[in-house]
Every structure is written in C-alpha cells, then in structure tokens.
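Participant: First the structure, which I've put down as structure tokens, then a few questions once you've had a look.
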Amino acid sequence: MTDVHTPEQRSRNMASIRNKDTKPEKIVRSLVHKLGYRYRLHRCGLPGKPDLVFPSRRKLIFVHGCFWHMHNCPYGRVTPATNSTFWQEKRQTNRDRDAKTLDALVADNWSILVVWECETKDREALNDKLENFLLMNSK
C-alpha cells in the first residue's frame, strides 16, 4: 500500500508532531493534579527528561506514544508502508534509548511508571494506576 500523502505533506505532518504537551501527557497531568499531587515537568538533568517528576517522592512518570516507542498494542505494531527500514531503525533506537534511560534512573533510586498512549483511553483504569503508583512506598 502506498502513502496517501505526497512526500511534502508527509514531511509537514511528521514535523508537526510534538514531543511535549501531547494530548496523552495532558490527560495524565490532569489526572495526577486531580489526585492532589504536584509535580515538575520535563526536568533537565535527569536522563530522558521525564514528563512528570515528583522530586520529594523520587518518582517519575514517562508518557510514551505507542507508535514511537513500539508498544505491544495495535497502535505500536503499525509498520509504515513507505520508508519502512528508516522507521524501523528510528523506532528501535527510541526503544533502546528508553531501556538505557530506565536503567540509569533505577540505578539512581528513582521509581518509574511508563504510561502508554493507549492507556489514556480508559481514564478510570489510568487514574487507579496513577494513584497506586504515587501512593506506593510514599513517605
């Protein structure tokens, strides 16, 4: 199957995809705020610039897009029809970098939760997951 967009349209579409303040990230931030927790955003100095940082609790939340980080869900298993080798390598690089980032953060005694884009569809389940993570071993 060929791409329905011209190369220029596809390039423009891909360039407009943000890495901060995405819809899934805003959903997570809203739920965490409603639970009464305060956090820092995209803290520099930590590997991977976690999306939400709870410094006093030593907890971090990453919000990953299923496609970009190759989640094992229907959205993450999509294989682009055009330039598939490039996309496979790019996505695999993201996944490898994620693993190194998580290893470094765990070694530095951070607790980490990864929220996948597809998990933001069920807000009630996500709310429970966030609350359990933030309450776990809290001071």
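Participant: So how many residues does segment 73-98 have that are at pLDDT below 90, surrounded by 13 or more Cβ atoms within 10 Å (Cβ to Cβ) and either touching a Leu at 6+ places or on another chain (Cβ under 6 Å) or part of a helix (DSSP H, G or I) (or both)?
Facilitator: Residues in segment 73-98 being at pLDDT below 90, surrounded by 13 or more Cβ atoms within 10 Å (Cβ to Cβ) and either touching a Leu at 6+ places or on another chain (Cβ under 6 Å) or part of a helix (DSSP H, G or I) (or both): 1 in total.
Participant: Step by step: first the residues of segment 100-136, then only those that are part of a helix (DSSP H, G or I) and of a type in the set (Gly, Ala, Ser), then the one that is surrounded by the fewest Cβ atoms within 10 Å (Cβ to Cβ). Which residue is that? Talk me through it step by step, then tell me what you get.
Facilitator: First, pick out the residues of segment 100-136 that are part of a helix (DSSP H, G or I): 100-107, 117-121, 123-135.
Those left that are additionally of a type in the set (Gly, Ala, Ser): 104, 107, 125.
On the way: Ala104: 13, Ala107: 9, Ala125: 11.
My answer is Ala107.
Participant: Return the pairs, sorted by first residue and then second, in which the second residue is of a type in the set (S, T, N, Q), the first residue lies in segment 23-35 and is closer than 12 Å to Thr120 by Cβ, the beta carbons are less than 6 Å apart, and the residues are 6+ apart or on different chains.
Facilitator: What qualifies is Pro24/Thr120; Ile27/Thr120; Leu31/Asn127.
Participant: When the residues of segment 38-53 are narrowed to those that are outside any loop (DSSP other than H, G, I, E, B) and without any contact (Cβ under 8 Å) to a residue 24 or more places away in the chain, which ends up surrounded by the most Cβ atoms within 10 Å (Cβ to Cβ)?
Facilitator: Looking only at segment 38-53, we keep the residues that are outside any loop (DSSP other than H, G, I, E, B), and these are 40-41, 52-53.
Then drop every residue that is not without any contact (Cβ under 8 Å) to a residue 24 or more places away in the chain, which leaves 40-41, 53.
Numbers: Arg40: 12, Leu41: 13, Val53: 19.
Once the filter is applied, the top-ranked residue is Val53.
Participant: Return yes or no: is Leu35 at pLDDT 90 or above, exposed (fewer than 13 other Cβ atoms within 10 Å of the Cβ), over 13 Å from Val114 (Cα atoms) and touching an Asp or Glu at 6+ places or on another chain (Cβ under 8 Å)? If you could, list the steps in order and put the result at the bottom.
Facilitator: Details: at pLDDT 90 or above: yes; exposed (fewer than 13 other Cβ atoms within 10 Å of the Cβ): yes; over 13 Å from Val114 (Cα atoms): yes; touching an Asp or Glu at 6+ places or on another chain (Cβ under 8 Å): yes.
The answer is yes for Leu35.
Participant: Six or more apart or on different chains, Cβ under 9 Å: which pairs go from a residue in segment 56-70 that's part of a helix (DSSP H, G or I) to one that's among the aliphatic types (A, V, I, L, M)? Could you list them?
Facilitator: Here the result reads Arg57/Leu134, each pair linking segment 56-70 to a residue that is among the aliphatic types (A, V, I, L, M).
Participant: Report the residue count in segment 11-24 for those that are at pLDDT below 65 and assigned to a helix (DSSP H, G or I).
Facilitator: Number of matching residues: 2.
The values are calculated or read from the model by the stated rules, or taken from the named source; none is laboratory data. Since the structure is predicted, the reported quantities are computational estimates derived from the model, not experimental observations. FYI the Cβ positions are ideal-geometry reconstructions off the backbone, even for glycines, and counts take in every protein chain you see.
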